[in-house]
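**Student:** Before anything else, here's the structure in question.
None of the figures in this text is laboratory data; all of them are computed from the coordinates on show. Predicted, not measured: the structure shown is a model, and the values here were computed from it. Reconstructed Cβ throughout: ideal geometry from the backbone, glycine too, with neighbour counts over all protein chains shown.
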Amino acid sequence: MKKKRNFTTDEAQTATLLGTEGTSECHVVQKRRYPRIKIRVCDKELLEPASRVLNAPIRAIHVKRPMCKPHLFPPEGKGMWEVSKAGKAATEIVEHLKPLLTNEFLRKWEKTREICK
């Protein structure tokens with residue numbers, strides 16, 4: 001019989017964000033490729049649980065055209081908030097959250113891991 005895991009509210013919210021707003025990609029560092037999970041949103045508050053689960057800071061990503069409402073990303077809405085994790089740590093997080101993640105996200109994650117090898 002499988003042991004039932006108990007997940008925190010932060011973990012459940014992070015899994016939901018990964019499924020809705022999250023992406024996976026290869027992150028290149030000194031010609032080496034690492035799989036990375038990334039969540040970008042306009043509302044910085046939404047990322048606070050994911051920041052705690054991923055143990056990563058929330059960063060501002062600036063772009064040339066408005067993407068968010070100005071009050072969510074001052075001064076003109078030209079950017080988004082992001083939290084991400086790469087490499088072994090990202091793989092461990094996805095494995096831990098696997099029961100909460102959608103099949104589509106897991107399919108994309110496995111494809112990303114294969115490409116990054």
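**Student:** Exactly one condition in (1) surrounded by fewer than 17 Cβ atoms within 10 Å (Cβ to Cβ); (2) assigned to a loop (DSSP other than H, G, I, E, B) is not met by residue 56; state its number.
**Tutor:** (1)
**Student:** How many residues are within 30 Å of residue 114 (Cα to Cα) and without any contact (Cβ under 8 Å) to a residue 24 or more places away in the chain if we restrict to segment 46-77?
**Tutor:** Counting residues in segment 46-77 that are within 30 Å of residue 114 (Cα to Cα) and without any contact (Cβ under 8 Å) to a residue 24 or more places away in the chain gives 5.
**Student:** Now, a different point. Could you tell me which residue of segment 17-45 is nearest to residue 55 (Cα to Cα), considering only residues that are free of Cβ contacts under 8 Å to residues at least 24 places away in the same chain and assigned to a helix (DSSP H, G or I)?
**Tutor:** Filtering segment 17-45 for residues that are free of Cβ contacts under 8 Å to residues at least 24 places away in the same chain and assigned to a helix (DSSP H, G or I), the one nearest to residue 55 (Cα to Cα) comes out as 45.
**Student:** Oh, and also: For segment 87-102, which positions are in a helix (DSSP H, G or I) and not basic (Lys, Arg)?
**Tutor:** Across segment 87-102, the qualifying residues are 87, 89, 90, 91, 92, 93, 94, 95, 96, 97, 99, 100.
**Student:** For residue 105, indicate whether it is of a type in the set (Phe, Trp, Tyr) and assigned to a loop (DSSP other than H, G, I, E, B).
**Tutor:** no
**Student:** With within 10 Å of the chain's Cα centre (by Cα) and among the aliphatic types (A, V, I, L, M) as the only criterion, which of 83, 29 stands out?
**Tutor:** Step by step, each of 83, 29 is checked, and only 83 is within 10 Å of the chain's Cα centre (by Cα) and among the aliphatic types (A, V, I, L, M).
**Student:** Among 36, 5, which is surrounded by fewer than 19 Cβ atoms within 10 Å (Cβ to Cβ) and within 24 Å of residue 113 (Cβ to Cβ)?
**Tutor:** Result of the check over 36, 5: 5.
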